[in-house]
Amino acid sequence: MTRRTPLYAAALLTALAAVGCTSASAGTTGTGTAAAPKPAATFSDGGVTVALSLGNWDGNKGTASITFTPEKAGYHIYSMDLPPDGIDGLGRPTVIKLTGSLTMSGAPSTTSAIRQITDAGTSTEVPVYPDGPVTFTVPLAKSGTGEATTLISYAACSEDGCLAPVDDHPVALTVGDQGIAVRH
């Protein structure tokens, strides 16, 4: 099942750039066909490693795959469907946003099923993804050439508690005629 998610991803991309990343561009192969996704950036913040790959770029549109992997067993991230302030103050939505020369040509999606958990000491149910890695696919469209930023926001929690949330972690990108590259 594909789930729509809020747009806090811009923070993630910024975080990747700020914490240190590897870079590659998303472009086309010599035959003019879309290239396979290449690892573009990776960062760790708030107990989660985030990896961004770019692919299927045709010169004007493509996709980004963003994988969130909690660094400790038993941790999960919150659903993109969670309200900005959580439910009764509980939880932080996963959000991916784009600024600059890239826009989203559709809503981010994931095949990870959402499950409801009940916070200890309350009866409030909060939507989360399963423990472990969750990958989002973000449809991208070029709105010009030049700088772009992905901002990614999220929080990781377990039954024992939550780690510090990450808000608007930036990943700096450059959009050119031949593809997209991570700026360091």
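Data for the structure
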| read-out | value |
| --- | --- |
| Unmet requirement for Thr103, which otherwise passes all of (1) within 21 Å of Ala41 (Cα to Cα); (2) hydroxyl-bearing (Ser, Thr, Tyr); (3) under 16 Å from the mean Cα position of the chain (by Cα); (4) surrounded by 17 or more Cβ atoms within 10 Å (Cβ to Cβ) | (4) |
| Count of residues meeting criterion [under 18 Å from Asp131 (Cβ atoms) and either buried (at least 22 other Cβ atoms within 10 Å of the Cβ) or touching a Gly at 6+ places or on another chain (Cβ under 6 Å) (or both)] in the range 47-60 | 2 |
| Members of the range 50-84 found to be polar (S, T, N, Q), under 21 Å from Gly161 (Cα atoms) and either in a strand (DSSP E or B) or over 17 Å from the mean Cα position of the chain (by Cα) (or both), listed by number | Thr69 |
| Test result for Asp131, over 17 Å from Phe43 (Cβ atoms), modelled with pLDDT of 95 or more and of a type in the set (Asp, Glu) | yes |
| Answer from Leu151, Leu173 - the residue that is under 16 Å from Ala41 (Cα atoms), touching a Gly at 6+ places or on another chain (Cβ under 8 Å) and in a strand (DSSP E or B) | Leu173 |
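The values are calculated or read from the model by the stated rules, or taken from the named source; none is laboratory data. If you're wondering where the values come from, they're calculated on a predicted model, not measured in any experiment. Positions of Cβ are generated from backbone atoms using ideal geometry, with glycine treated the same way; all protein chains shown enter the neighbour counts.
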